[in-house]
Amino acid sequence: MAGLYVHVPFRAAPRPYDDAYTVVSPTPDASALAAALAREIDRHANSLLEGVPIRSLYVGGGRPSLCRPKTLSPLVRALGRVVEPTTLDEVTVELHPADASSGYLSHLRRLGVTRLSIEGLSFVEEDLTAVGAPHSTDDLARSIRRVRRAGFRQFSVDLVFGGAGQSRAGWKASLHRAVSLGVPHLTLHELDTGDAEKRADQLAFALTFLRAKGYVPYELTHFARPGHRSLHQEHVYAHGSLLGLGPGAESFWAPDLPPSPAARRWSNVADLTAYVEGLQADAPPVAHDETLSTSALAREYMLLRLRTQAGLDLNALADRYDLRLRDRKADTLRRLRRRGLIHEDPDRVALTDRGRLLTDAITRRLLRELGPA
């Protein structure tokens, strides 16, 4: 089982909250990118995907909705040679509120898109101004209404927290507005401004408030009402194989667990021109490639699973990754339970709400002294 990710790097302007590889182009011509993506699929992805069931497709960026759907037709055709869209459980496209016209949304539906991830950022005007967002709160609310009218029942809105100028009252107001609009899934993005106490306070409020409103925090910053979880995100946090396509895209490939020495992680060159020209010359677009040891895989699995509501399955960790955490860290696990940071379960490490606010510190503590990756 595997997932597909396609990176479309275009943005109309640089954004401080975007740490992915981007290219500033207000009116991008995506034809060269689409042709290169199609070539990457045909020359380098087909053999890798042969016989591997594909669960989900996620198109992200950047701002992929800057590209008109018709300019990406070579990409759509190439993807169709790898996987039949109707067999996918989920097809997600990231959407900017300013791009959410009725015609564009209808076109996405005809292409087989089933889920949208809306780059909302905030429902408070001052917060949008602070991060340089090119849309207003009215634009965001309007885009949500259009998304619903177009027939999309599965969609998410991204909200940022921790910004230097973001007040506690503003954060609460943004979450209240999202809930009042009936947004079925919220993804929270932390802005690291140096004020860790403020960020922890805002996350604590979100955990309490959103759970009371019927949202499940199935991952530390992903909240969904029943039936609205992102299959793509669940697959990533289950340590599932993901093939990344496009400039700057990252891949993790270990389709057969328990992991074999062939488990790999690689990343494409984060340069649009080099990516396009390299593929035109039949050169692989990979900039970095590494084979992962069982120890490194175990650490990755721990990092991912400790962020989830289900937590870290200690039996799976032992069976799949040959790491018996109960034996190696028994005293640490007991101390974490006594302090109320993990639930009382001998076979699983799942963080309590208090523990979730200390996820990074707890993870570092458990990983410490496990030996080299």
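The values are calculated or read from the model by the stated rules, or taken from the named source; none is laboratory data. Computed from a predicted model, the values in this text were never measured in an experiment. Reconstructed Cβ throughout: ideal geometry from the backbone, glycine too, with neighbour counts over all protein chains shown. Please note that ligands, DNA and RNA were not included when accessible areas were found on the heavy atoms of the full protein model with its side chains. Shrake-Rupley method; radii C 1.70, N 1.55, O 1.52, S 1.80 Å.
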Ranking 83, 185, 244 by how far each Cα lies towards the positive end of the charge dipole of the chain (+1 on Lys and Arg Cβ, -1 on Asp and Glu Cβ), the top one is 185
Which percent of the accessible heavy-atom area of the chain goes to carbon and sulfur, probe 1.4 angstrom? 50 percent
For the range 190-220 and the range 1-50, compute the distance between their C-alpha centroids and round to whole Å. 31 Å
Note: residue 87 to residue 212 extended length (0.36 nm per residue) minus current alpha-carbon separation gives 41.5 nm
Any chance you could look up the accessible area of residue 288 with a 1.4 Å probe, heavy atoms only, rounded to 10 Å²? 100 Å²
Just to make sure I understand: if all protein chains stay in place, what is the order of 115, 110 by accessible area at 1.4 Å, largest first? 110, 115
Need the C-alpha centroid separation for the range 337-364 versus the range 95-124, integer Å. 37 Å
Computed FRET efficiency, Cβ-Cβ of residue 173 and residue 281, R0 56 Å: what is it to the nearest 0.05? 0.60
If a/c stays under 1.5 just call it rounded; otherwise compare a/b with b/c (prolate if a/b is bigger, oblate if not). Do that for the chain, with a ≥ b ≥ c from the square roots of the Cα gyration tensor eigenvalues. oblate
Give me the lysines in straight-line cross-link reach of residue 172: C-alpha distance below 21 Å, same-chain residues under 8 apart excluded. 198, 213
Just report the Cα centroid separation between the range 245-306 and the range 65-83, whole Å. 22 Å
Could you give the accessible area per residue of the chain, probe 1.4 Å, as a whole number in Å²? 44 Å²
Return the FRET efficiency for the residue pair residue 347, residue 191: r is the Cβ-Cβ distance, R0 is 41 Å, and the value is rounded to the nearest 0.05. 0.70
Once residue 274 and residue 76 are pulled to full extension, the length gained, defined as 0.36 nm per residue separation minus their Cα-Cα distance, is 69.1 nm
Other-chain or far-sequence residues with amide H under 5 Å of residue 218's (modelled H): 224
Between the modelled labels at residue 205 and residue 136 (7 Å from Cα along Cα→Cβ) the distance in nm is 2.5 nm
Starting from the residue with the highest accessible area, list 172, 70 in decreasing order, probe 1.4 Å. 70, 172
Which order, highest average first, do 229-236, 148-155 follow once you tally other Cβ atoms within 10 Å for each residue and take the mean per peptide? 229-236, 148-155
Quote to one decimal, in nm, the extra length available between residue 327 and residue 288 on full extension: 0.36 nm per residue of separation minus the C-alpha distance between them. 10.5 nm
